[in-house]
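Take a look at the structure below.
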Amino acid sequence: MGADEAILEAPVARRLPDPAPKATVSVSVPAPRPVVALSPTLGEAASLAAAASSLEELREAMAGFTGSSLRDTATNLVFSDGVVGAGTMIIGEAPGAEEDRQGKPFVGASGQLLDRMFATIGLSRSENLYITNILPFRPPGNRTPTDAEVALFMPFLMRHLELARPKRLVLAGAVSAKGLLRTRDGITRLRGKWQQVTMANGQVMDALPMLHPAYLLRNPIAKREAWADLVLLRRAINDG
């Protein structure tokens, strides 16, 4: 037929039955598990916060924390204002322009409204009220804090609560309410009823979400809901 060389290396006995196929063993290799590591900056924040044994030490730890770019664009650290040890502690969202200049929370237009609101139920930062923010530095342009920024500074805030030891919390605005309550619900759904914040040590603290004063300045009609929340807070204080 014109074939003058073999294609295979050895001749094949085609009249013999095919050899039995070799048995194969199927080995199931599990997929590698993802490695979940604590962010270095978040780990540093948690370590610095846990090491603080007083509010002054906590303030110094936050001032020296370099894990957030907010520190580079802010003028001042905004730590707290009011009476340390007060039974009621307000937690706002983030400093604004005036707060950034003065280094105190709630001193701008919204802060003035907040003072008038709480004065109607006998509370003031000069006598029986303690105030802080969920973030200690002003975000550029007064933008809303990101979830990552809230999570980064959360160890400092939780340690702040442990050291200040309030009896109850007022969560002013959606950012502080969502951050501390670990929920996606909006502030209009959360306000009007007492919630609970679970501390790192397992302690549970009563918390009342409220509309932020800045929101009330833009939407005066919502002051009716804010007044109802203030009455709810006053009743809780009276009940001890």
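The values are calculated or read from the model by the stated rules, or taken from the named source; none is laboratory data. What you see is a predicted model; the values in this text were computed from it and never measured. Every residue, glycine as well, gets a Cβ built from its backbone with ideal geometry; the counts of neighbours run over all protein chains shown.
Brief remarks on what is shown
- Gly179 being part of a helix (DSSP H, G or I) and loosely packed, with under 14 Cβ neighbours inside 10 Å: no
- Flag if Ala86 is at pLDDT 95 or above, among the small types (Gly, Ala, Ser) and surrounded by fewer than 16 Cβ atoms within 10 Å (Cβ to Cβ): no
- Of the candidates Thr120, Thr75, Thr144, Thr132, the single residue that is free of Cβ contacts under 8 Å to residues at least 60 places away in the same chain and surrounded by fewer than 17 Cβ atoms within 10 Å (Cβ to Cβ) is Thr144.
- The range 84-126, residues that are part of a loop (DSSP other than H, G, I, E, B) and over 23 Å from Ala228 (Cα atoms): Val84, Gly85, Ala94, Pro95, Gly96, Gly103, Lys104, Pro105, Val107, Gly108, Ser126
- Residue match in the range 39-48 (condition: at pLDDT below 95, surrounded by fewer than 19 Cβ atoms within 10 Å (Cβ to Cβ), part of a loop (DSSP other than H, G, I, E, B) and in contact with a Gly (Cβ under 9 Å, 6 or more places away or on another chain)): yes
Results for (1) among the aliphatic types (A, V, I, L, M); (2) within 17 Å of Glu149 (Cα to Cα); (3) modelled with pLDDT of 95 or more, shown as yes or no for each residue.
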position: Leu55; (1), (2), (3): yes, no, yes
position: Met62; (1), (2), (3): yes, yes, yes
position: Ser80; (1), (2), (3): no, no, yes
position: Ala94; (1), (2), (3): yes, yes, yes
position: Gln102; (1), (2), (3): no, no, yes
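- Near pairs, Cβ below 7 angstrom, 6+ apart or cross-chain, from the range 81-95 (of a type in the set (Ser, Thr, Tyr)) to any residue that is assigned to a strand (DSSP E or B): Thr88/Leu129; Thr88/Arg168; Thr88/Val170
- Residue in the range 147-157 that is part of a strand (DSSP E or B), touching a helix residue (DSSP H, G or I) at 6+ places or on another chain (Cβ under 9 Å) and either under 20 Å from Gly87 (Cβ atoms) or in contact (Cβ under 8 Å) with a residue 12 or more places away in the chain (or both) present: no
- Residue match in the range 183-202 (condition: under 9 Å from the mean Cα position of the chain (by Cα) and either assigned to a helix (DSSP H, G or I) or without any contact (Cβ under 8 Å) to a residue 40 or more places away in the chain (or both)): no
- Scanning the range 204-224 for residues that are in contact (Cβ under 8 Å) with a residue 24 or more places away in the chain and either surrounded by fewer than 16 Cβ atoms within 10 Å (Cβ to Cβ) or under 14 Å from Gly92 (Cβ atoms) (or both) yields Asp206, Ala207, Leu208, Pro209, Met210, Leu211, His212, Pro213, Ala214, Tyr215, Leu216, Leu217.
- Qualifying residue in the range 133-140 (condition: of a type in the set (Val, Ile, Thr), outside any helix (DSSP H, G or I) and closer than 16 Å to Pro166 by Cβ): yes
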